[in-house]
Amino acid sequence: MTDGILGKAATMEIPIHGNGEARQLPEDDGLEQDLQQVMVSGPNLNETSIVSGGYGGSGDGLIPTDEVARGIAGEKFDIVKKWGINTYKCTKQLLSERFGRGSRTVDLELELQIELLRETKRKYESVLQLGRALTAHLYSLLQTQHALGDAFADLSQKSPELQEEFGYNAETQKLLCKNGETLLGAVNFFVSSINTLVTKTMEDTLMTVKQYEAARLEYDAYRTDLEELSLGPRDAGTRGRLESAQATFQAHRDKYEKLRGDVAIKLKFLEENKIKVMHKQLLLFHNAVSAYFAGNQKQLEQTLQQFNIKLRPPGAEKPSWLEEQ
């Protein structure tokens, strides 16, 4: 009876052990983290379906207070019991997988895409960190150039014999500050877009991945439970347990299949969005940096106009580009 259900799984159940021997695992901090993840979703004891009329209200149609208390306590007990059973089965399955005594369902193509996403996220986080460092350095450079320009301008007024030399140096620093502020605006826009991609778009997909991985563990836990029951004696006492296990297994199988589909769709859309966003941002970054170091003020300003980046007007009371990060 269970062969038909278990045979329909679209993914493979791959034994963890090899050559009949359990793997010798290295020190694995991931095991503790996975166990903590299994335990983290505790039962919600704040939600109950029984409502009391409270004190001082009409007594018509209300459940006596002691019966309400017993009902709430019973409902909460059932919630804790179900959570405890689920946690026990998932922990047992996780340990069985880790120590080579069980099997896990594996979608090889999907898991490869998930691992690639995690690696990509780590690399983009490194780019984001470097981009923020560049923003900080540019801001510091602008502050220094601005102060130097003011010093040159002041000395131009107080040093008649060097008035011209101090004057054109002051103008140069002023021009550099203007171009630097334009570049800083472009780099800040680049960093902001990368930050959104990493901390929101990628993280949203990885949250669904975590839900999928938890559903996979539950699915395998209840699959193993059903397999063990199906191999046992078939008497009147076990028949009811077997039917209940089949129904529970099917519910977890449906949840697992749905989340697997959700992850596949989100990975597809994420890849398309990443390419679109990064094509624009890398072009912006290249054009802005090239124009700045070539001293091409017109091209630098055109780059910001091309990407609809608006700079803060002089004297506006808004946070600096650095402070907005």
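All of the numbers you see were taken from the coordinates with simple rules; none came from a lab. Computed from a predicted structure; not experimentally measured. Positions of Cβ are generated from backbone atoms using ideal geometry, with glycine treated the same way; all protein chains shown enter the neighbour counts.
Can you run phi through the Karplus equation (6.51, -1.76, 1.60; θ = phi - 60°) for segment 248-260 and list ³J(HN,Hα) in whole Hz, with x for Gly and Pro?
Here the 3J(HN,Hα) series is 5, 4, 4, 5, 6, 5, 4, 5, 4, 5, 5, 5, 4 Hz.
What FRET efficiency would be calculated for the residue pair Glu165, Ala294, taking the C-beta separation as r and a Förster radius of 30 Å, to the nearest 0.05? Kindly include the intermediate steps, with their values, before the conclusion.
Details: r = 25 Å, r/R0 = 0.85.
Once the sixth-power term is evaluated, E becomes 0.75.
Using a Förster distance of 22 angstrom, determine the FRET efficiency expected from the C-beta separation of Gln157 and Glu301, and round it to 0.05.
With a Förster radius of 22 Å, E is 0.15.
If packing is taken as the average count of other Cβ atoms within 10 Å, what order do 234-244, 290-300 fall into, highest mean first?
Most protected by this proxy first, the peptides run 290-300, 234-244.
Using modelled backbone amide H atoms (1.01 Å from N, in-plane), which distant-in-sequence or interchain residues come within less than 5 Å of Ile309's amide H?
Those qualifying (amide H under 5 Å, at least 5 residues apart or on another chain) number zero.
Which of the pairs Lys123/Lys258; Lys123/Lys268; Lys276/Lys310; Lys200/Lys268; Lys178/Lys200; Lys266/Lys310 have their Cα atoms more than 24 Å apart in this structure?
Flagged as over cut-off: Lys123/Lys258; Lys178/Lys200; Lys266/Lys310.
Taking a quarter of the surface of the convex hull around the Cα atoms of segment 110-158, what do you get in nm²?
The orientation-averaged projected area of the Cα hull of segment 110-158 comes to 3.2 nm².
If every alpha-carbon in segment 86-225 counts as one equal scatterer, what log10 I(q)/I(0) does Debye give at q = 0.18 1/Å?
Log-scaled intensity ratios, in q order: -1.00.
Given a Förster radius of 41 Å and the C-beta distance between Val106 and Ile309 as r, what FRET efficiency does 1/(1 + (r/R0)^6) yield to the nearest 0.05?
Details: r = 46 Å, r/R0 = 1.11.
Efficiency for this residue pair is about 0.35.
Over all directions, what mean area does the Cα convex hull of segment 189-264 project, stated in square nanometres?
5.4 nm²
Using a 7 Å offset from the Cα along the Cα-to-Cβ direction at both Val127 and Thr208, what is the distance between the two label points in nm, to one decimal?
Taking the two extended label points, one gets 2.2 nm.
Write down the radius of gyration of segment 147-283 and its Dmax, each obtained from C-alpha positions, in Å.
Taking only Cα atoms of segment 147-283, I get Rg and Dmax of 32.8, 111 Å.
Can you tell me the length gained on complete extension of the stretch Leu141 to Leu175, counting 0.36 nm per residue apart and subtracting the Cα distance?
10.9 nm
Wrap a convex hull around the Cα atoms of segment 148-220, take a quarter of its surface area, and give that in square nanometres.
If I average the Cα hull's projected area over directions, I get 6.3 nm².
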